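Visitor: Please read through the structure below; I'll follow up with questions.
Read the figures in this text as sums done on the coordinates, not as results from a lab. What you are looking at is a predicted structure, and each value in this text was computed from that prediction instead of being measured. Quick reminder, even Gly has a Cβ in these numbers, built from the backbone with ideal geometry, and neighbours come from all protein chains shown.
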Amino acid sequence: MTCSPHGPLRVGIGGPVGSGKTTLTAELCKAMRDRYSVGVVTNDIYTREDAEALTRMQALSADRIEGVETGGCPHTAIREDASINLRAIERLCERVPDLDIVFIESGGDNLAATFSPDLADISLYVISVCQGDDIPRKGGPAITRSDLLIINKTDLAPHVDADLERMRRDAEAGRGENPFLFTDLKRGMGTESVADFVIGRGGLAAT
C-alpha cells in the first residue's frame, strides 16, 4: 500500500508499567506487517529498551523502529508537548516513505495519561488484571475516554483474585459506548480483535 497524503495513521498505545504495552505493540506489528507498511515510535524515560525489545522480538526490522528518551514525566511527551514524538514520526517517514500506520508506545504512566489529538488519531489503553480488579471502576481519562480499553493478562486473574465479571460491569458502566476487550496478549489471545478495531476505526483499506 501507499502512504496517505496526510501521513500514516497514528495509533497511541498507553498504560501503566507492566500492563503489556510492548507485548501489544509487538503482536500488532506481527499481525499487520504483511498487509500494511508499519512503523513504531517507543517512549522511555532514560533508555531505549522498548525499541530494542521490539527488535529482539522480531516485530519489525530496526529501520522501522524509532526510540525516544523522554526524560522527566513520560505523559508530557504524548500530551502537553508531543514535539519529540512528532519529530520521531517524521524521521520514520523519511526512512520509510510508504508507511501506512505508526504505533506510538508511551512510557509507563498513571491512569491520567492521554494522547494529544495532535499526536494520535486513535488511542489504545492497556491495563492488567494484576493491578487490581477495581481499576475500571476508579476510572480516569484514559480508562473512560480511550478509543479502546484493553484489559490484559486475563490468564492471571485466578492467581491475583481478580473478578473479571466485576471488571466487565465496571468497564461497561464507566465507558458507555466506548469499546473494551479482555486479552491474554502473551499467548496471542485478542490480538486479532485489536488489529481489526484499528483497521476499522482508522479507515485502513482491507487487504
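Visitor: Please list, in order along the stretch 123-129, the HN-Hα scalar couplings obtained from phi with the Karplus expression 6.51 cos²θ - 1.76 cosθ + 1.60 (θ = phi - 60°), rounded to whole Hz, x for Gly and Pro.
Guide: With the stated coefficients, the stretch 123-129 comes to 10, 10, 10, 10, 10, 10, 4 Hz.
Visitor: Return the long-range amide H neighbours of R79 (sequence gap of 5 or more, or a different chain), with a cut-off of under 5 Å between placed amide H atoms.
Guide: S116
Visitor: For C93 and D34 in one chain, what is 0.36 nm times their gap in residues minus the Cα-Cα distance, to one decimal in nm? Numbers along the way, then the final one.
Guide: Numbers: separation 59, 0.36 × 59 = 21.24 nm, distance 1.83 nm.
Gain in length upon complete extension: 19.4 nm.
Visitor: For N152, list long-range residues whose amide hydrogen, built 1.01 Å from N in the peptide plane, is under 5 Å from its own amide hydrogen.
Guide: Result for N152 returns I127, S128, V129, T183.
Visitor: Starting at the first residue of the stretch 53-63, write each ³J(HN,Hα) from the Karplus equation 6.51 cos²θ - 1.76 cosθ + 1.60 with θ = phi - 60°, in whole Hz, x for Gly and Pro.
Guide: 5, 5, 5, 4, 6, 6, 6, 8, 6, 4, 5
Visitor: Next question. Scan around I13 for amide H atoms under 5 Å from its own, H built in the peptide plane at 1.01 Å from N, and keep only partners 5 or more places away or cross-chain.
Guide: I104, E105, S106, L124
Visitor: While we're looking at this one, here's another question. Could you name the lysines in cross-link range of K30, using Cα to Cα under 29 Å and dropping any fewer than eight places away on the same chain?
Guide: Hits, sequence-local ones excluded: K21, K153, K186.
Visitor: Could you work out [θ]222 nm for the chain from helices alone, using -39500 (n - 2.57) per DSSP H run of at least four and dividing by all its residues? Round to the nearest 500 deg cm²/dmol.
Guide: Mean residue ellipticity, 222 nm, calculated: -9000 deg cm²/dmol.
Visitor: Extension gain S193-R56, at 0.36 nm per residue separation less the Cα-Cα distance, in nm?
Guide: Extending this stretch completely gives an extra 46.9 nm.
Visitor: Dipole size in debye (nearest 20) for the stretch 1-99 around its Cα centre, Lys and Arg Cβ +1, Asp and Glu Cβ -1?
Guide: 260
Visitor: Please compute the length gained on full extension between A112 and H159, using 0.36 nm multiplied by the number of residues separating them and subtracting their Cα-Cα distance.
Guide: Numbers: separation 47, 0.36 × 47 = 16.92 nm, distance 2.71 nm.
Separation in residues times 0.36 nm, less the Cα-Cα distance, equals 14.2 nm.
Visitor: For the stretch 76-128, just say rounded, prolate or oblate: build the C-alpha gyration tensor, square-root its eigenvalues into a ≥ b ≥ c, call rounded for a/c under 1.5, and beyond that prolate if a/b exceeds b/c, oblate if not.
Guide: Note, shape of the stretch 76-128 comes out prolate.
Visitor: Where nothing but the Cβ of Lys and Arg (+1) and of Asp and Glu (-1) is charged, how large is the charge dipole of the stretch 9-197 around its Cα centre, in debye to the nearest 20?
Guide: 140
Visitor: Let me ask you something else. What shape does the stretch 137-207 have by the C-alpha gyration tensor, where a ≥ b ≥ c are the square roots of the eigenvalues, rounded means a/c under 1.5, and otherwise prolate means a/b greater than b/c and oblate the rest?
Guide: Cα axes put the stretch 137-207 in the oblate bin.
Visitor: Grab the other residues whose beta carbon is less than 12 angstrom from that of A59, score K and R as +1, D and E as -1, and report the net.
Guide: Numbers: positive: K30, R33, R56, R64; negative: E27, D50, E52, E105.
With Lys, Arg at +1 and Asp, Glu at -1, the neighbours total 0.
Visitor: Could you work out the longest stretch of the chain that avoids the GluC sites (Glu not before Pro) located in DSSP loops with at most 15 other Cβ atoms within 10 Å?
Guide: 81-176
Visitor: Continuing with this model, one more query. What nm value, rounded to one decimal, do you get for the distance between L86 and D63 when each label is placed 7 Å out toward the C-beta?
Guide: 2.7
Visitor: Moving to a separate point now. What are the ³J(HN,Hα) couplings of the stretch 186-195, residue after residue, when phi is run through the Karplus curve with 6.51, -1.76, 1.60 and θ = phi - 60°? Round to Hz, x for glycine and proline.
Guide: Using θ = phi - 60°, the values come out as 4, 9, x, 7, x, 4, 4, 5, 5, 4 Hz.
Visitor: Here is a further query. Under a plain spin-label model, where a point goes 7 Å from the Cα along Cα-to-Cβ, how far apart in nm are I45 and A173?
Guide: In this crude spin-label approximation the distance works out to 3.3 nm.
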